[in-house]
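Below is one structure, written out as structure tokens; the observations come after it.
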Amino acid sequence: MPLGPSGFSLIDLPEAPAELLASYDDLPVDEHMGHGTRYKKFSQYRLSPAEGEKWNFALLPHRDYTAYKKFNTVGGGMRRAYLPVAVDFTPLIAVGAEAFGLDRSEDWQINLHQNRTRAEPGRPGPLTPEGVHHDGHEFVMIGVLRRERVAGGQTRLWRPDAEQPFWTGTVAAGQAVLLDDRRLAHDVTDVVAAADEPGHRDIFIVAFSRWSEKWYGAEHDAAALADTEVR
């Protein structure tokens, strides 16, 4: 396994361009998750092996985001409409693809989530309102680009049926945590304002699935929307 026996690793990210960081200021509020404290855009790609160890990124036609209720008890089983991501995250995604050592014998599909969570004095920002969960994909990359005037936001990793996380840590700005999503569940504690003024945590999440597993398109959407049972 590329992540070793623990099922996760922390990596350093290359410096994000100023344009990419500035784009977080234009994210619209997420009407579906976060109780008005989350701001979000969403896009999907198909990755195909290219020359050497590189990947070709093909932006897929924009669709609503759908997730299975069994993986997301809060936001699953519904259509969630988001604007597409407007800046280029592919250099950062490629770092994760290389670190995971993705199987190059087939194509991969990825979901890219660009999220800002805002915290105000007396009003924390929930990061995983769905609680401890799997996303349902093969691998997940959670990259943190900025933590401005916030505390909290600790990532916790859980083994199956465990009563306590086996790892808890704060992913710093400029780092990403890489997860084997089928072996480990995860959650993140709320962010709170670290001073008497609002703050925010800017992240991107990339979920990697084999193209053959059909996590994109009308067939996937229909199956996810039909899944209304919490398991």
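The values are calculated or read from the model by the stated rules, or taken from the named source; none is laboratory data. Everything quoted here is computed from the prediction, not taken from an experiment. Heads up, the Cβs are rebuilt from the backbone with ideal geometry, glycines too, and the neighbour counts pull from every protein chain shown. Just the protein is used for accessible areas: all its heavy atoms, side chains included, with ligands, DNA and RNA removed. Shrake-Rupley method; radii C 1.70, N 1.55, O 1.52, S 1.80 Å.
Quick look at the numbers
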item	result
Value of [θ]222 nm, deg cm²/dmol, for the chain, DSSP H segments ≥ 4, -39500 (n - 2.57) each, nearest 500	-3000 deg cm²/dmol
Cβ-based charge dipole, the chain, positive-most Cα from ILE110, ALA81, SER23	ALA81
Segment 33-178, accessible area per residue, ligands and nucleic acids excluded (1.4 Å, Å²)	43 Å²
Dipole magnitude of segment 163-209 about its Cα centre (Cβ charges: Lys, Arg +1; Asp, Glu -1), debye to nearest 20	260 debye
Accessible surface of the chain [probe 1.4 Å, protein heavy atoms]: carbon and sulfur percent	49 percent
Most mobile of GLY169, GLY143, GLY131 in a GNM of the chain (Cα contacts under 10 Å)	GLY169
Distance from segment 59-80 to segment 11-49 (C-alpha centre basis), Å	16 Å
Of [x] 70, 34, 26; [y] 48, 43, 34; [z] 52, 41, 37, the label for Cα extents along the principal axes in Å derived from the coordinates	[z]
Model label zone, ARG123; criterion: amide N under 11 Å from point 7 Å along Cα-to-beta-carbon; scope segment 16-55	35-38
Distance-filtered residues of segment 77-95 - backbone nitrogen under 14 Å, label point 7 angstrom along LEU59 Cα→Cβ	83-91
Mean Cα-pair separation over length for the chain, i.e. relative contact order, pairs under 8 Å, 6 or more apart, %	28 percent
Among ASP88, ASP135, ASP202: highest mean-square fluctuation, GNM of the chain, C-alpha pairs under 10 Å	ASP88
Segment 100-231: C-alpha gyration tensor shape, a/c 1.5 cut-off, then a/b vs b/c	prolate
